[in-house]
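Colleague: I'd like to ask you about the structure that follows.
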Amino acid sequence: MLIVSSNGSVFAEDAFKGTFSCGVTLYMLPWTRDGAPLAAGKGEMEITSDGNGKLVRGSLTEQVADDTHRPSGVDVCTFTLVSGTYSINSDGNGTSSARWALGAGDTTHCANFVPGGGKFNGIDTTRQSAPPGSTNSTLFFDGKNRSYSVNVVDRGFAVAVCDRNAAN
């Protein structure tokens with residue numbers, strides 16, 4: 001998941017240069033057509049861009065609902081950006097693509113939640129490892145320093161709100 005933000009009314013690749021902090025909410029899709037999406041987790045992301053279409057650094061921490069083995073009912077999973085790119089259209093909308101890897105020392109259960117890691121396996125407590133997963137996001141801008149992103153995955157989606165760090 002990636003959020004891109006603009007520094008004014010003109011949208012360009014270099015508008016997304018520097019470090020951005022994001023809040024992420026994870027949802028499971030409803031099981032019936034009349035059902036509502038269910039909030040299944042939340043997280044924080046920090047991403048740094050070079051201003052020329054590449055993501056150069058990123059971290060993502062997710063707090064994922066888990067009633068299968070944690071007394072608290074929550075798994076905390078960390079991911080590191082492996083690589084990523086983005087593109088911004090002249091109207092301020094865009095797309096991004098990123099690869100995320102599971103952090104060292106995370107629980108084996110976190111291997112089920114690698115962003116874009118394939119089929120959702122939230123109840124597979126025997127999965128020991130996971131290769132990096134790829135994500136693609138659609139981006140929406142407010143024309144200032146805030147943007148929104150939607151990332152659809154198997155049986156769910158993630159929504160993020162991102163702000164440019166004040167130090168940029």
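Colleague: Give region 88-103 a look and list any residue that's open to solvent by less than 50 Å² (accessible area, probe 1.4 Å) and assigned to a strand (DSSP E or B), or say none.
Modeller: Passing the criteria: I88, G94, S96, S97, A98, W100, A101, L102.
Colleague: If you go through region 64-71 one residue at a time, do you hit one that is at pLDDT 85 or above and not in a loop (DSSP other than H, G, I, E, B)?
Modeller: No: zero hits.
Colleague: If the requirement is being modelled with pLDDT under 90 and open to solvent by 10 Å² or more (accessible area, probe 1.4 Å), which of these qualifies: V4, V82, V74?
Modeller: Step by step, each of V4, V82, V74 is checked, and only V74 is modelled with pLDDT under 90 and open to solvent by 10 Å² or more (accessible area, probe 1.4 Å).
Colleague: Another question about this same structure. Considering only residues that are part of a strand (DSSP E or B) and in contact with a Gly (Cβ under 8 Å, 6 or more places away or on another chain), look in region 47-56 and name the one that is surrounded by the fewest Cβ atoms within 10 Å (Cβ to Cβ).
Modeller: Taking the candidates together, the pick is K54.
Colleague: Here's a follow-up. Need the failing condition index for T126 against (1) at pLDDT 75 or above; (2) open to solvent by 60 Å² or more (accessible area, probe 1.4 Å); (3) over 13 Å from the mean Cα position of the chain (by Cα), just the number.
Modeller: (1)
Colleague: How many residues does region 17-46 contain that are open to solvent by 30 Å² or more (accessible area, probe 1.4 Å), hydroxyl-bearing (S, T, Y) and not in a loop (DSSP other than H, G, I, E, B)?
Modeller: Qualifying residue count, region 17-46: 3.
The values are calculated or read from the model by the stated rules, or taken from the named source; none is laboratory data. These numbers were taken from a predicted model, which means no experiment stands behind them. Neighbour counts are summed over all protein chains in view; Cβ atoms, including those assigned to glycine, are modelled from backbone coordinates with ideal geometry. Surface areas here come from the heavy atoms of the whole protein model, side chains and all, with no ligands, DNA or RNA. Shrake-Rupley method; radii C 1.70, N 1.55, O 1.52, S 1.80 Å.
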